[in-house]
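These notes are about the structure you will find just below.
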Amino acid sequence: MELKNIEALKSLLLKDDPEFWRRLQTLTGEGRDFDDLFLLSSLRKKAHARQLACPAMAQEKVRLAILGGCSLYPFHELLEHFCETAGVACEVWLGDYDNYIAEIMDQSSGLYAFAPHIALLLPSEQRCRYSGSLSDSRQMQQAEAGKVVESLLELARKIHDKSRAEVLLANFLLPSRHDLGAYRSRTLGSDWSFRKWVNLELGLNAPAFVHICDLEFLAHRLGGTQARDERAWFESKQPCSAALLVELAREAAHLIGSLRQPPKKVLVMDLDNTLWGGIIAEEGLEGVELGDTSPRGEAFKAFQKYILSLKQRGVLLAVCSKNEQAKAAEVFEKHPEMVLRMDDIVSFKVNWEPKSENIRQMAAELNLGLDSFVFVDDSPAEIEIVRQFAPEVATLLLGPDPAGYVGQLQDCRWFEPRTITAEDSARTDQYLSEARRKALQSSVTDMNAYLESLGMEAILSEFTAVDVPRLSQLINKSNQFNLTTRRRTEADIQALMKDPAYIGFSARLKDRFGDQGLISIVIGRQQGQTMHIDTWLMSCRVLKRQVEDEVLNELARLAVRRGCARLQGVYLPTAKNEMVRDFYSRMGFTLTSENEQRREFELTMKSFQPVATKIKVTRQAYDPS
Amino acid sequence: MTQADVIAKLQTLFDTVFLEPVVLTPTLSAKDVPEWDSLVHVSLVVLVEKTFSVHFRVGEVETTRNIGEFADLILKRKQEP
């Protein structure tokens, strides 16, 4: 980074200009070198010391514990810097140098008194080394590697059991010197093979609350010999070079962010010079560059193939192009080298309206927030329009060379799965059948007849172990139809399933157009004769389909069976859940108290009558009486 | 480059890093600056190496007792091919 950038930032600070924060964020995103980031972080601390008005942090502070077999400074400073500039404020607790085993095993240690939300463990490289001889049997070497893996995962489990924290676990750097030569890969006893094996096993065996902070990958990306710094180890016990320390901190901040924010859901694509080379309206079907007959055509085809793989991971694909609709559609229908076809696209907006408007319309049609969208285009002007008029949309400006498109999209980090569920890949099908359903809706005037014609079937099921990843996913990404927006990890749900005070059930819905999958979740907590509705959320895809009626029927049935006299519901407003502000009133509840932060409602069981619907209900897992 | 030139360049770095203004003189040492603890020192060394395009050998920075000696060390390493 050029020094003049730092100097310009400094002068903003001296003028107490709040523009400082936006500029700091941009420079932090661009910064690669340790010295730049160290200076940026110093300026950030100065800005706080000068009490320069800063943007409000949306969420409560994350309590972050960092432990490790190395010095944690300046790592923690970089990490705090990345987290803060990404809008996540942290309160940090640091373990002592190489004292992590004691800190984790000792129930009374400062770690547990701190009660971390997230614990980051950088284990000691010195403990990841085969102790025997290079020529020992593979079984012996494997057994020892297995022990290293098991003991690390055991430490992670201990942290999680005692504090409920999510655990970020760094894996191990590989050697980058020629030592052992080609023999290094012929034995598991070499540091090279031993650590590779341990790293693989760690990732493959890590439970859901462990998130691997992939130091091996980061070092590989940076270059092995750039990743280490022996002098820094001897002098101040640094785990790696300053350059890798930056990448490690950036990665840890990214993982922390992704624990809080759901991934993006929709990729909106331009057409000309994005999905194919050239301009379809001018060059025609035969003239555009696409496919294996030319290197440029191959590059565009490879980009489409990668995009198709995103769809298979559950990303929705949409098109937004300034073009002639018929000509553009013809490429999808007739071009033999097209990888993406109309069936893959949930929304096809090809017209001359501003792209920001088109994307807004898509958001409304798909019932998704604008912040679920990523827009990719090769034209800086189009990107700028979207940035200005739909700033919630993430944008990616493609570079001048289509050979780099795949890499750009792969590095944008917006579509990283945490756990891939089978329903992710079925999602496009769900949205397409929604389109057919809407077509039917417009042809049937009588709402009841329409609902009847759908042939809806719902399965109401007590929380089951196998559903936990899907439950957690929906709980963490539902924003609009969500009364309380309480987020829960998989571990939280498992704990709740064991707690007799809680009831929890989910609803799945299918109809003659398709299976919607798991679409609604309710969690209740019984207190004497009152059933408090802790969580009630639903996927917006199934609005106005009477699912909420059946869910209330079920909730009432369970409450009465447990001897409750009333249901108590609360609405906690967020920026996104305005649509359910009056939900409880609509469902027959009485408003009992109200202020800015919450609205409380009550429904007496004595007066409750189950609502008849057009949904055929099956109950699973608990007493179906 | 003289010792004074090095110190002048160090001054701009220190101005960015430290919250409280520090005036660098050849006799100033880390213990005179409350914010200059062993932690900041680690980052400062990386920063100085990058700024002056020098590489210190293991352990030698901690043998310098004040800014003057530190500046001399930077000059010595800068003269290496």
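Readers should treat all values here as calculations from the given coordinates under stated rules, not as data from a laboratory. Everything numeric here is computed off the predicted structure, so don't read it as measured data. Positions of Cβ are backbone-derived with ideal geometry, glycine not excepted, and every protein chain shown enters the neighbour counts.
Partner aspartates and glutamates whose Cα lies under 16 Å from the Cα of A:Lys322, excluding those fewer than 8 positions away in the same chain, are identified as A:Asp270, A:Asp272, A:Glu282, A:Glu283, A:Glu330, A:Glu353, A:Glu357, A:Asp377, A:Asp378, A:Glu382, A:Glu384.
The charge dipole of segment A:446-552, taken about the Cα centre with unit charges on the Cβ atoms of Lys, Arg (+1) and Asp, Glu (-1), comes to about 380 debye, rounded to the nearest 20. Given +1 at the Cβ of Lys and Arg, -1 at the Cβ of Asp and Glu and no other charges, the dipole of chain A around its Cα centre is 1700 debye to the nearest 20. The share of Cα pairs per 10 Å bin across segment A:472-537, counted from zero up to the longest distance, runs 20, 49, 25, 6, 0 percent. Spatial offset of segment A:461-509 relative to segment A:200-218 amounts to 25 Å, using the alpha carbon center of each.
On the beta carbon distance between A:Phe217 and A:Lys544, with R0 = 41 Å, the FRET formula returns roughly 0.35.
At an R0 of 60 angstrom, the distance between the Cβ atoms of A:Ala381 and A:Gln142 translates into a FRET efficiency of 0.55.
Each residue, A:Glu596 and A:Ala302, gets one label point 7 Å from its Cα in the Cβ direction; the gap between the two is 5.5 nm.
Here, segment A:275-400 yields an orientationally averaged convex hull projection of 7.5 nm² when only Cα atoms define the hull. Check the straight Cα-Cα distances from A:Lys147 and name the lysines below 27 Å, setting aside those fewer than 8 residues away within the same chain. Excluding near neighbours in sequence, the set is A:Lys158, A:Lys162, A:Lys196, A:Lys237. The value obtained for chain B, namely the Cα convex hull volume divided by the number of residues, is 85 Å³ per residue.
Each part gets one Cα centre, and for segment A:67-84 versus segment A:561-625 those centres are 45 Å apart. If each Cα of segment A:1-55 is one equal point scatterer, what is log10 of I(q)/I(0) from the Debye formula at q = 0.13, 0.14, 0.15, 0.21 Å⁻¹? Summing over Cα pairs of segment A:1-55 leads to -0.26, -0.30, -0.34, -0.68. The GluC sites (Glu not before Pro) of segment A:544-625 meeting both criteria, a DSSP state outside H, G, I, E and B (loop) and at most 11 other C-beta atoms within 10 angstrom of the site's C-beta, are A:Glu596. Shown here for segment A:14-73: GluC sites (Glu not before Pro) in loop regions (DSSP other than H, G, I, E, B) with at most 11 other Cβ atoms within 10 Å, namely A:Glu60. Every Cα-Cα pair in segment A:241-305 was counted, and those over 18 Å apart are 59% of them. Only helices enter the 222 nm calculation for chain A: every DSSP H run of n ≥ 4 contributes -39,500 (n - 2.57), and dividing by all residues gives -13000 deg cm²/dmol, rounded to 500. Residues whose amide H lies under 5 Å from that of A:Ser241, counting only those 5 or more places away or on a different chain, are A:Arg228, A:Asp229; hydrogens are built 1.01 Å from N in the peptide plane. Over segment A:1-99, all Cα pairs binned in 10 Å intervals from 0 give whole-percent P(r) values of 15, 45, 31, 10, 0, listed from short to long.
No solvent, one uniform scatterer per C-alpha: report log10 I(q)/I(0) for the protein assembly as shown via the Debye equation at q = 0.07, 0.09, 0.10 1/Å, two decimals. For the requested q values the scattering log ratios are -0.62, -0.99, -1.18. Listed by chain and number, the aspartates and glutamates placed with their C-alpha closer than 16 angstrom to that of A:Lys46 are A:Glu7, A:Asp16, A:Asp17, A:Glu19, A:Asp36, A:Glu77, A:Glu80, A:Glu84, B:Asp15, B:Glu20, B:Glu35; residues fewer than eight positions away on the same chain are left out. Work out, in µm²/s and without decimals, the Stokes-Einstein translational diffusion coefficient of segment A:330-388 at 37 °C, 0.692 mPa s, Rh from Kirkwood over C-alpha pairs. Using the Kirkwood radius from Cα pairs, D works out to 251 µm²/s. Given a Förster distance of 56 Å, report the FRET efficiency between A:Glu91 and A:Glu357 from their Cβ-Cβ distance, rounded to the nearest 0.05. Given R0 = 56 Å and the Cβ-Cβ separation, E is 0.85.
Translational diffusion coefficient of segment A:529-625 (Stokes-Einstein, Kirkwood radius from Cα pairs, 25 °C, 0.890 mPa s): 170 µm²/s.
When Rg and the Kirkwood Rh are both derived from Cα coordinates, the Rg/Rh ratio for segment A:127-263 amounts to 0.99.
In this Cβ point-charge picture (+1 for Lys and Arg, -1 for Asp and Glu), chain B has a dipole of about 280 debye about its Cα centre.
With 21 Å as the limit on Cα-Cα distance, the pairs of A:Lys10/B:Lys9; A:Lys477/A:Lys498; A:Lys61/A:Lys498; A:Lys544/A:Lys614; A:Lys305/A:Lys510 that go past it are A:Lys477/A:Lys498; A:Lys61/A:Lys498; A:Lys305/A:Lys510. Farthest towards the positive end of the charge dipole of the protein assembly as shown, among the residues B:Thr16, A:Leu52, B:Ala71, is the Cα of A:Leu52, using unit charges on the Cβ of Lys, Arg, Asp and Glu. If you average the C-alpha positions of segment A:128-168 and of segment A:365-380 separately, how far apart do those two centres end up, in angstrom? When both Cα centres are located, 43 Å separates them.
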